[in-house]
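Beneath this line is the structure, given in structure tokens, with notes to follow.
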Amino acid sequence: MRTITMALAAAIPLLTSGCSKDGGFRNFMDKAAHKVTRPASTTDAMSDVTKFHDFLNTEQFDKIYQSADADFRKQTTEQSFVTMLTSVHDELGNYKSAILTDSSTKTYSFAIEAFSKSKSTITLTYTAYFKKGSATEKFVFVAKNSPLLLDKYHIDSRLLNHS
């Protein structure tokens with residue numbers, strides 16, 4: 001069985017409303033133009049998983065990478081990211097549907113002198129069905145000062161090739 005984990009440390013801005021003119025993640029290409037007025041929710045994260053699968057099915061992996069957070073791009077090259085998602089798509093085929101099997105939300109707060117910060121994580125685990133078989137997918141989203149960001153993506157399937 002092959003497991004692929006991609007840490008997308010603050011990687012894909014998945015804000016809580018609006019849509020980019022090219023139909024990408026909500027406000028995917030124009031992060032600065034949007035101010036979030038409410039905390040991100042599990043429903044927002046589930047919607048963003050749908051958009052992730054839309055990009056996976058249309059093989060727009062480079063768009064995801066190019067819009068990723070600078071820290072992610074420092075840790076992962078575009079070539080390795082695109083290669084990983086290409087492998088997933090080639091070996092499993094198009095995403096068809098999924099069943100949410102687990103979800104959790106955690107909030108962390110800390111303060112140093114006059115500086116305070118909070119962070120929430122939303123973790124969603126799915127049994128996902130693709131054209132060629134099934135997989136377990138885990139998405140971890142992080143909300144720092146309200147925007148929802150994809151932090152990690154993990155996929156596990158016996159159909160994924162070891163390399």
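Bear in mind these aren't lab numbers, they're just calculated from the coordinates by the rules spelled out. Bear in mind that the values here come from a model prediction, so they are computed numbers and not experimental data. Counting neighbours? That spans all protein chains shown, and the Cβs are built from the backbone with ideal geometry, glycine included.
With a simple spin-label model that places each label point 7 Å from the Cα along the Cα-to-Cβ direction, the separation between Glu78 and His154 comes to 2.9 nm. The modelled label-to-label distance for the pair Ala111/Lys138, using points 7 Å beyond Cα in the direction of Cβ, is 3.3 nm. Remark: the Thr86-Gln60 segment gains 8.4 nm on full extension, using 0.36 nm per residue and subtracting the alpha carbon distance.
Given their separation in residues at 0.36 nm each and the Cα-Cα distance between them, Lys131 and Thr43 gain 29.1 nm when the chain is fully extended. Among His53, His154, the order by Cβ neighbours within 10 angstrom, fewest to most, reads His154, His53. Ordered by the count of other Cβ atoms within 10 Å of each Cβ, fewest first, Ser118, Ser134 give Ser118, Ser134. Cα gyration tensor of region 82-125, axes a ≥ b ≥ c as square roots of the eigenvalues: rounded (a/c below 1.5), prolate (a/b > b/c) or oblate? Oblate, because a/c is 1.5 or more while a/b does not exceed b/c.
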